[in-house]
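*Asks:* I have a structure here, written as structure tokens, and I will follow up with some questions on it.
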Amino acid sequence: MTQPVTVSGAPESSIETHAPTYRPNSSHVLIDLGIAVFAFYVGLSLWRIQPNALKLVKAYFIVGIVQACSLIASSIYLPVRVSKQPSGGPFETGIRILVLVAIWATYFRKSERVKATYGSNPWGHGKGFW
């Protein structure tokens with residue numbers, strides 16, 4: 001029994017059926033770790049109701065926007081073959097981060113509960129965040 005061959009003449013079983021997976025280098029891991037530590041610190045500041053908590057939230061949102069834009073730009077201008085992941089690729093992740101930042105920034109900007117808990121809101125009520 002003969003084995004099916006591809007156009008290149010190689011046996012079909014010897015060719016990978018999946019695209020090579022993207023493996024982040026150490027700088028990607030360090031950036032993600034740094035963002036995770038910063039997110040933990042911001043959450044802890046909110047939980048402890050520290051006076052600078054809302055300024056830290058704003059800084060965290062800015063970091064998220066920069067990260068999302070870099071993911072989107074890299075997926076457009078530097079296409080990398082990535083395996084299909086349940087969470088999507090860099091473009092989908094960037095869009096998801098932008099949507100989440102928009103939702104949470106709106107909440108922190110307009111919420112009366114945030115104003116009552118933390119006092120003055122650095123974005124103010126009615127002032128533009130963006």
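*Asks:* Looking at 71, 54, 93, which one has the Cα that reaches farthest to the positive end of the dipole of the stretch 24-118 (charges on Cβ: Lys, Arg +1; Asp, Glu -1)?
*Replies:* 54
*Asks:* Another question, then. Starting from the Cα-Cα distance between residue 62 and residue 78, subtract it from 0.36 nm times their residue separation and give me the gain in nm to one decimal.
*Replies:* 3.5 nm
*Asks:* Next question, about the same structure. Taking every pair of alpha-carbon atoms in the stretch 24-118, give the share separated by more than 21 Å as a whole percent.
*Replies:* Value for the stretch 24-118 (Cα pairs over 21 Å): 40 percent.
*Asks:* Right, next: First measure r as the distance between the Cβ atoms of residue 38 and residue 92, then evaluate 1/(1 + (r/R0)^6) with R0 = 22 Å and state the FRET efficiency to the nearest 0.05. The partial results should precede the final answer.
*Replies:* On the way: r = 23 Å, r/R0 = 1.03.
Efficiency for this residue pair is about 0.45.
*Asks:* Where nothing but the Cβ of Lys and Arg (+1) and of Asp and Glu (-1) is charged, how large is the charge dipole of the stretch 24-118 around its Cα centre, in debye to the nearest 20?
*Replies:* The calculated dipole for the stretch 24-118 is roughly 300 debye.
*Asks:* Now, a different point. Subtracting the Cα-Cα distance from 0.36 nm times the residue separation, let me have the gained length for residue 103 to residue 70 in nm, one decimal.
*Replies:* Values: separation 33, 0.36 × 33 = 11.88 nm, distance 1.98 nm.
My answer for the length gained is 9.9 nm.
Taken together, the values in this text are just the output of simple stated rules run on the coordinates, not laboratory data. Bear in mind the structure is a predicted one, so any value in this text is a computation, not a measurement. Positions of Cβ are generated from backbone atoms using ideal geometry, with glycine treated the same way; all protein chains shown enter the neighbour counts.
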